[in-house]
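These notes concern the structure reproduced below.
The values are calculated or read from the model by the stated rules, or taken from the named source; none is laboratory data. Given the structure is predicted, the values throughout are model-derived calculations rather than measurements. Here the Cβ positions follow ideal geometry from the backbone for every residue, glycine too, while neighbour counts run over all protein chains shown.
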Amino acid sequence: MPELRKDPILGRWIIIARERGKRPTDFIVEDVETKGGFCPLCPGNEKTTPPEVLVYGREPGMPPNSSSWQLRVVPNKYPALVIEGELDKQGEGLYDRMNGIGAHEVIIESPRHEDRFAYLPHEQMILTFRAFQERIRDLSKDPRFRYVMVFKNYGKAAGASLEHSHSQLVALPVLPRMVVSELDGSLSYFKYKDRCIFCDIIRQEIQQDVRLVCENREFVTLTPFAPRTPFEMWIMPRRHNSSYTEQNEDSLSALTDIFSETLRRLDACIPGIPYNFVLHTQPLRSQPLEHYHWHFEIVPKVTSIAGFEWGSGFYINPMPPEDACRYLREVEL
Amino acid sequence: MADRKKILLVDDEEGIQLLYREEFEDEGYQVQSAYNGEEALEMFKKDPPDLVILDINMPGMNGIEVLRQMKEIRPDLPVILSSAYQEYKQDFGTWASEEYIVKSANMDELKEAVHKYLTA
């Protein structure tokens, strides 16, 4: 019997379409296509990118944009939103418009073309999480921006266009609808129960222990109760905090450990699986929020979205999160 | 004639080929035409151009794959992507190009870019 489940934060319904015997190997993943050729993100090709806005690991004495580095952040060469200009907000009857102002940056996570994010050594992977913080802090000084969306596309089906490991961020002059819904949903719960809904989820998931994939001293990874796709996972800090940029170095280290383990578990279940991850954090320049809790959401791309999903907002997920969790926990690393 | 700069024009549309060829020959350039990616790579290897104007959406190998192969061999060769579509800008493979210019009836932007790279 299929089951309807409701996400307690967003109120979004999904359908768990239980299919007998569905195993990780039943999901078809396209082979990672390596087209080869010139890579604009590789060391030595720095002049094909706009000048870097952040770099880690450059050897002392080497000039900016030279080829010794461990991580670079560069603006998008052909951005959809432009950094220069005013918003010039206008009303046109009941419609709103403004200039397409924004910042779109690319985080080049490793100098090595063949590296995969999930398998980066700890000291390399932590640079990415540090860079996210540093860029959000810097962009928050720009009063035109209200939110920085940080995300990664891995694999062609998830939207990645180059094999060289990278993630992206987009600073926006508005709050994305999904962020507003999450803030509203968690505030509504807080007003009713005087507790953070994310803290309650973490407490309950640890207690029930049926959707808890892995954990360490600072973080938990769980398959949410109402996931959009098979193997969707959330990485959440145990301690309440609404802002990702507030995390100290110790916390980033623990985040790196659990992120690495989580992605390796996923890859061991379905080798080469494409995925997106997105950072969910409070809006820029917000005071600490009692009702909101920063976290990462990892959404693998193994199912397609068709008319019913677009029309209803329901996702159809052929694998219960409890089963997905079991596979993820039992897999050998 | 021999010192005229050579442009390799890669586009599967005959109308674009005719228009661009006329315009750039009038500007004093030598123009060679390729109608798909495979043909372009062959011509690029046989008779190296000074600059490439490259369409993206073509049958067979697309322009971004062609771009990456050309740059692998000649990283300093100026390549201008010329597409009717904006959305390929989301593909970071396009970063290997010097410019990404959306096709327009007004060729000023394209001509300006060609002059910039061929007089540098």
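Could you list all residues from the stretch A:162-188 that are more than 21 Å from A:GLY100 (Cβ to Cβ) and buried (at least 18 other Cβ atoms within 10 Å of the Cβ)? Give the derivation first.
Start the filter on the stretch A:162-188 by keeping residues that are more than 21 Å from A:GLY100 (Cβ to Cβ), which leaves A:162-167, A:181-188.
Once the filter is applied, which keeps residues that are more than 21 Å from A:GLY100 (Cβ to Cβ) and buried (at least 18 other Cβ atoms within 10 Å of the Cβ), the stretch A:162-188 yields A:LEU162, A:GLU163, A:HIS164, A:SER165, A:HIS166, A:SER167, A:GLU182, A:LEU183, A:GLY185, A:SER186.
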Leading residue by the ranking (nearest to the other protein chains (Cβ to nearest Cβ)) among those in the stretch B:80-92 that are within 15 Å of the chain's Cα centre (by Cα) and surrounded by 20 or more Cβ atoms within 10 Å (Cβ to Cβ): B:LEU81
If you scan the stretch B:93-120, which residues turn out to be touching a Lys or Arg at 6+ places or on another chain (Cβ under 8 Å), in a helix (DSSP H, G or I) and within 14 Å of chain A (Cβ to nearest Cβ)? B:GLY93, B:THR94, B:TRP95, B:ALA96
Any residue at all in the stretch B:64-79 that is in contact with a strand residue (DSSP E or B) (Cβ under 8 Å, 6 or more places away or on another chain) and surrounded by fewer than 20 Cβ atoms within 10 Å (Cβ to Cβ)? yes
Any residue at all in the stretch B:38-55 that's within 14 Å of chain A (Cβ to nearest Cβ) and outside any helix (DSSP H, G or I)? yes
The correct count of residues that are among the polar types (S, T, N, Q), surrounded by 13 or more Cβ atoms within 10 Å (Cβ to Cβ) and out of contact with any helix residue (DSSP H, G or I) (no Cβ under 7 Å at 6 or more places or on another chain) in the stretch A:87-116 is 1
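Wholly within the stretch A:105-209, which helices (runs of 4 or more DSSP H) include no fewer than the required count, namely at least 1 residues that are closer than 23 Å to A:ARG264 by Cα? Steps first, answer last, please.
Values: elements: A:122-139, A:177-193, A:197-208.
The qualifying helices (runs of 4 or more DSSP H) are A:122-139, A:197-208.
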Across the stretch A:30-49, which residue is modelled with the lowest pLDDT among those that are surrounded by 14 or more Cβ atoms within 10 Å (Cβ to Cβ) and more than 9 Å from every other protein chain (Cβ to nearest Cβ)? A:VAL32
Check whether at least one residue in the stretch A:113-123 is within 14 Å of chain B (Cβ to nearest Cβ), touching a residue at least 40 places away in the same chain (Cβ under 8 Å) and out of contact with any strand residue (DSSP E or B) (no Cβ under 6 Å at 6 or more places or on another chain), and report yes or no. yes
For strands (runs of 3 or more DSSP E) lying entirely in the stretch A:220-330, having 2 or more residues that are modelled with pLDDT of 95 or more picks out A:233-237, A:275-280, A:295-300
